[in-house]
1. For q values of 0.17, 0.21 Å⁻¹, compute log₁₀ I(q)/I(0) with the Debye formula on a Cα-only model of the range 208-359, without solvent.
2. Using 1/(1 + (r/R0)^6) with R0 = 45 angstrom and r between the beta carbons of ARG386 and ARG285, what's the FRET efficiency to the nearest 0.05?
3. Just the accessible area per residue of the chain, please: how many Å² with a 1.4 Å probe?
4. Whole-Hz Karplus ³J(HN,Hα) for the range 9-15, in order, using 6.51 cos²θ - 1.76 cosθ + 1.60 and θ = phi - 60°, x for Gly and Pro?
5. So if R0 is 22 Å, what FRET efficiency would GLU293 and SER262 give, r being the distance between their Cβ atoms, rounded to the nearest 0.05?
6. Give LYS114/LYS433; LYS71/LYS278; LYS154/LYS195; LYS105/LYS195; LYS136/LYS281 a once-over and call out the pairs whose C-alpha atoms are over 22 Å from each other.
7. For the range 3-188, go through all pairs of different Cα atoms, get the mean of 1/r, take its inverse, and jot down that Kirkwood value in Å.
8. Of ASP132, ASP68, ASP326, which has the largest mean-square fluctuation in a 10 Å C-alpha GNM of the chain?
Amino acid sequence: MSYVSEVYQTLCDKYPDEPEFLMAVNEVLNSIEPIIKANEARYRSIALLERMVEPERIISFRVPWIDDEGKVRVNRGFRVQFSSAIGPYKGGLRFHPSVNQGMMKFLGFEQIFKNSLTGLPIGGGKGGSDFDPHGKSDREVMLFCQSFMNELFKHIGADVDVPAGDIGVGAREVGYLYGQYKRLTGTYEGVLTGKGLSYGGSLARTEATGYGLLYITERMIREAGRTIEGCTVVVSGSGNVALHAIEKALAMGAKVVTASDSGGYIYDPDGINIELLKKIKLQDRARISRYAELVPSAEYHEGEKPWGVRCDIALPCAIQNEISKDDAETLIRNGCWCVAEGANMPSSLDAINVYLENSILFMPAKAANAGGVAVSALEMSQDSQRLSWTFEEVDERLKGIMNSIYDKVTSAAERYGCKGNFVIGANIAGFEKVAEAMEAQGIV
Ligand code: NDP
């Protein structure tokens, strides 16, 4: 049995109830097989892969809080500190009912390679809770965040572990978490990113994941001899990533015709009105169906995903496993020739195989959505310097980082004889730096 298969089999035996984690590891290990084979004896002798797939530390804790009716509620909190090989642990916090340890391990594992691709000194981590902020009052969200931080603060720090937002954790939650950290520790340090501009946040952090997604997508399309201008784009989600992806796609001259939430999707053949969508989602915190009530040209499709809509480009920006093999086939049947992932692991492994078999231009999440964490790292730099850079400065750096990710991914794919396969390219390029750092630091 190959080294990669051995490590994966052991992991399946150890963690059979962590399907997302196993899927993420499977994808990475399969695609780095060429580099592992070339260095097998060395890597085996230091148990490199066995160490890489086992988190350095998992913190799991109770989060008790009191709701507006005076009832005591209890949630589970997690922080997976997966790898500090190349820098302090870095990765978002997710508040969503589906959060469990396996989900946190999947996201933390992906984060290691994504963070490595940015070229910045940040390790991999992820955290969150099965708390659902939907339908909760501001007061309830605040009390929950404070209780969550009452435990988390013991394990994080500006040079140790720097969490950020993710699904269900936006500006409001980051603010409450930061306030409680400061109160507990008495320090004013860059311990979280995605902070408000008035207390250490970075300009362009809010936009970074969605904008970065479009920067790398545009480059990929341009290198293929096409142009994004005039393309029809299908987007899922209507959260932080989706809204800014739509905004930048429109600015680049594309026409975005869908957006969605967990209730269903809207289709507007005239092109999404981003200002209205932002108002509905960010100000009114309403369901996406509201858009179709307000815009005569738009339709609302309850309980459905947007992958049946005719398009050139698909940008999944909602949640993991939102594109199945069937969805991928439907997309291609309807003319889609480019997919770039804003969300983490939105395409199943079968769906990815469909893209690759059909020579679709495909940029996987690790590379495509790395703009968010990259600007988070820039926020850390600004916090350390006690300086704030302008929006244009941060945006220019973001463009540079997305371009350099594109270069690394394509060159790694070519070096290993898989030109155009950006899944292999992203995994190998991300892996190389982490592996080198782990080898240099000994058995830790
Ligand atoms: P938000 O919470 O802002 O938005 C999430 C969006 O996904 C909402 O529109 C939500 O709808 C929708 N959604 C949630 N669950 C489902 C579901 N089961 N089916 C369909 N839609 C669903 O999160 P973000 O935009 O920050 O994150 C989106 C994705 O991008 C995640 O995979 C995240 O890990 C990834 N990502 C985010 C980064 C960031 O900087 N924020 C960085 C890198 C990756 P509803 O409101 O109804 O729940």
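1. Rounded to two decimals, the profile gives -0.90, -1.41.
2. Working: r = 34 Å, r/R0 = 0.75.
The pair ARG386/ARG285 has a calculated efficiency of 0.85.
3. On the way: 17310 Å² over 444 residues.
On a per-residue basis, 39 Å².
4. With the stated coefficients, the range 9-15 comes to 4, 4, 5, 4, 5, 6, 10 Hz.
5. Calculated value: 0.75.
6. Working: LYS114/LYS433 11 Å; LYS71/LYS278 34 Å; LYS154/LYS195 20 Å; LYS105/LYS195 24 Å; LYS136/LYS281 16 Å.
Listed pairs above 22 Å: LYS71/LYS278; LYS105/LYS195.
7. Values: mean 1/r = 0.0573 Å⁻¹.
Result for the range 3-188, one decimal place: 17.4 Å.
8. Its mean-square fluctuation being the largest, the pick is ASP68.
The values are calculated or read from the model by the stated rules, or taken from the named source; none is laboratory data. Given the structure is predicted, the values throughout are model-derived calculations rather than measurements. Cβ atoms come from the backbone with ideal geometry, glycine included; neighbour counts cover every protein chain shown. Just the protein is used for accessible areas: all its heavy atoms, side chains included, with ligands, DNA and RNA removed. Shrake-Rupley method; radii C 1.70, N 1.55, O 1.52, S 1.80 Å.
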